[in-house]
Structures are given as structure tokens and as C-alpha cells.
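Reviewing the structure listed below.
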Amino acid sequence: MKQDNKPRTGFTLIEFMVASVVILVVVMGGLTLYMQSNRISVDQQNFAELQHDVRSGMFFISRDARSAGVGLPEEFIGYFMEGTDNESQGEEVLPDRLVVMGNLENPLNVTIENYQGAAANATIEDYSFEQYPYLDEFYEDKVVIVLPNPDSGCLAGELRQVTHVTHSAGGTNEKFNFSPGLAQDFNPPGGLSGTCPSSNDYDGGTIAFVDVREYWLDQTGNYPGLTAGENGYIGNGVGDVLYVTHNGEHKPLAQNVENLQFQYNGDLDSDGLLDGFVDWQNGVWDGDPTLVARISQISIIVLGRTAERYHSVSGDPPDNLHLYRRPSIANSPGASTDDLHRRFLLVSTANVRNKTLNLYNLGTR
């Protein structure tokens, strides 16, 4: 038999092991790069969502701040807003609150002919309902504010819930019928809530749809006095949520909001010049409508923070960068150490339209 002397081809065990190690290193390197790139991608997506949340919250706050008092008599201008400076929820951050009131959604402003104060119905001037395009059913369950004639000297407004309206054919004998008791769970700002001592105080007064909106920040998700799942409150430990409470109903606007601050500017000393932005003066401005009436601008400051820590290409980001530390805002103190969370700060100034018209007419800003 003829012998085959051709060399046999193949890999030795050592060559196979070396090749396996090389392939493993390449695969591990690729996986590491993919995982790091994915983490960075997720971080960028979280930051983009954070920016969207902060901008959305700012849009609604600034819109309502500009419109505070719209559709309501100018004589009540000192009751269109109310602030709270540095509310403590047991955390390091001290957020502010802002309450604004106005006829913000659906216009309605009718004159009272007869109202007895906390009564079941109010008679309004003939043909009042005919001024608006609303069907009778539209008024059901709507919240209105009953304001006295400012010339009466009484400044007390009632929040009432409408059960239905009645009127005769042709627009006469027009009445609002109210549910028993005042509207519950919320009050107008500035201490306006109350009933005038004389029924004559309401003759020539006003009834208007009203929106009382309070912007506030829930830091912990366990706010005292609120129950998860009731009136729109999320709770259950879900914190850093920006809420607007509209006529007693809580509505979440944005998440991952770390701080909310407001500052106010106006001619508080009546010298014809704006004094500069300051924080709400707790205990001084509260219940003093003459001072609040002089506020014409609101500075709104919203600070967002990513839920997850930031990751750079090299792994952990460098230390001592202000981006990764909570800054001080207004009179709410900042953090002393980095926490490696990315932040987005948005600041906007709202000119309260109903309070700045006279100022603009004077040519002063």
C-alpha cells in the first residue's frame, strides 16, 4: 500500500486556546462598549424627558400667572394671587407655592339683581344667559364665584357650585340655582372667602366662572393630609412631582422636579418704579390686598433632576462640577456635595396682564 506523506493541516490545542482568548477579549470589549453606549443613550433620553417635563410645567404655570384675575372685577385685584415662601416637607429643598384665581377657561361675567348671601339661588339681570353661547346643561356642576358690589365696602367672595339655571322664555326671570353649602375643599386666595353681612351688598355684584389653581411640589409622595388615589393625588412614595390643584382636584403636571421657586416684582412702595424681585413675604403680604395688588411680575423658577445618576464615556463623571449638584435658588439653599444627577434649570418671568396695563400706559416697566 502506498503511504501518504502529505502534511496534515489543523490547529493545535494551544493555538485553539489562544484564538479563543482573543475572540473572548474582542467580544467582551464589544459588549462593554455596547453597554456603556446604551447607558449613555438612556441617560440622554432621560435628560431629554426631564427637559420636556420642566418646560411643560413652566408653560402651564406662566400661562396662569399671566392670566391671574382675568374676567374678574378690577376692584378685587389684590385677591387674584397668593404665595407661600419656603414650605418645609421635612426635606432639604424648600419649595414655594403659588395660588392664582381667574375666569381662566370659559368666560362668564353677569350682574346680580338679587342674592341673599349663602342662599340657594341668585337672580341675575334679564338676558344675561343670552350673552353667552352655553346651553342650560353646561352650567351644571360648574363652580362660580359670587362677588359683592365693590361700592358696598364688603370684600368677601363665595364659591358656589351650580346645580342648574332657570329662566323664562325670552330671557327674563333668570336665576342660578346652587347646591346647599359653599363649594368645598378649596378657597379663593388672599382671604377673600366669606359672606357679606347684608344682602344689599350683592346688589349689582358679579357672578363668574372661577378657576382657583395652586401650583406646588410634592417632594416625598406622602404629603401630609393627602390620601393616595383621592382627588387625583398619586402618593404611594412617588415624589418630585409638580402638581396643580384646580378647584380642589390634584393634577400631576411633571415628574423629576426637584425645586419650585417664585419671586415677585412690583411697585410696593408706590414710588412709580418697580422695586425688584423678592420672595413672598410670609405673614406680611398675606391678607394685605393693597400690597398684593401692586405685584405686576412673577419670576418662575423650575429645577429638574434626572432620576438616575449620570454616566460618561469613561464611566463616572468628574467631581466638582456644578451640573451634578443642586444649586441654591432664590432663598432655597443648595447642596454642599455632588450627587452625580444631571439637572435642568428653567427661569421665566410672567407679566400679570391685569395688573400691568396701568403700568404700561404710564410708559414704565
Whole-Hz couplings from phi, Karplus 6.51/-1.76/1.60, listed for segment 87-94; x for Gly and Pro: 6, 9, 10, x, 10, 5, 6, 10
Shape category assigned to segment 110-209 from the gyration tensor of Cα positions, a/c cut at 1.5: oblate
Amide H partners (placed H, <5 Å) of Ser296, local residues excluded: Asn265, Gly266, Asp267
Dipole in debye (nearest 20) - segment 70-229, about Cα centre, beta carbon charges: Lys, Arg +1; Asp, Glu -1: 280
Positive dipole terminus of the chain, leading residue within Gly69, Val21, Thr349 (C-beta point charges): Val21
Helix 13-66 vs. the chain, principal-axis angle (Cα, 0 to 90°, nearest 10): 10
Test item: Cα-centred dipole of the chain, Lys/Arg +1 and Asp/Glu -1 on Cβ, debye: 2200
Hz values of 3J(HN,Hα) by residue in segment 71-79 - Karplus curve (6.51, -1.76, 1.60), Gly and Pro given as x: x, 10, x, 5, 4, 9, 4, x, 10
Label of the coordinate-derived value, percent of Cα pairs over 36 Å apart, listed as (i) 20; (ii) 40; (iii) 36: (ii)
Value at 222 nm in deg cm²/dmol, rounded to 500, when DSSP H runs of n ≥ 4 in the chain each add -39,500 (n - 2.57): -6500 deg cm²/dmol
Relative contact order, percent, segment 126-252 [alpha-carbon distance under 8 Å, six or more residues apart]: 22
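Each value in this text was obtained by applying a stated rule to the coordinates, not by laboratory testing. The shown structure was predicted, so the numbers you read here are calculated from the model rather than taken from an experiment. Positions of Cβ are backbone-derived with ideal geometry, glycine not excepted, and every protein chain shown enters the neighbour counts.
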